[in-house]
1. Please give, to one decimal in nm, the separation of the simple spin-label points placed at Asn154 and Ile85, each 7 Å out from Cα toward the Cβ.
2. HN-Hα J couplings of segment 99-107 from phi, Karplus 6.51/-1.76/1.60, θ = phi - 60°, integer Hz, Gly and Pro as x?
Amino acid sequence: MLEVRTGETKEIVRKAEKRHREAYCGKRGIHRSVRPDKYGRVNGYGRWMTKSRLDGIRSFGQGSLVGTTLHTVLEEVTAKHAEQIEAIRVEQAAWEKSILEKVESRHRAKAEQREAPLLKEAEERYLKLAKKQEEKLMADADAREEKYQDFIDNLMSKLGLPRKSNIPIPVLYIF
């Protein structure tokens, strides 16, 4: 409160306080009766807020030259920051891709090392199975040929014809 000198009315004091608040707090005012203390700090607004800082904030909000300059500086810094972030993202993506390729190549190499003996074993099994199947097929073909040869020899003997075991027999191989 301002000191009331002799002869002044309460109305004059109230108007003086209002002008005082507007000078330190702006037209809108801060949500309390905010006045600087003896060190120039504005109590009740923020920690270590001085009148000059408060005036700077108000002038920034009102679009002064300082405010527009700060605004352009902030825009430039924000644009540079965005460019730096994008560059970092691109670099990080390239780094992650190279790491992923290295890991995949190691995985493929290890898989090939693990699978090589398995492939060799599978190939050996296949060759053994193919050989057994071929032997079985040849045995069946020989058995058929022998059966037909016996059949022909039996017919020749029933008919009274001389036996000729060297007669070629057409053998049908069914695969």
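1. Placing both labels 7 Å beyond Cα along the Cβ direction yields 9.5 nm.
2. Result, rounded to whole Hz: 4, 4, 5, 4, 5, 5, 5, 4, 4.
The numbers here are math on the coordinates, done by the rules we state, and not lab data. None of the values given here were measured: they were computed from a predicted structure. Here Cβ is always computed from backbone atoms with ideal geometry, including for glycine, and neighbour counts include all displayed protein chains.
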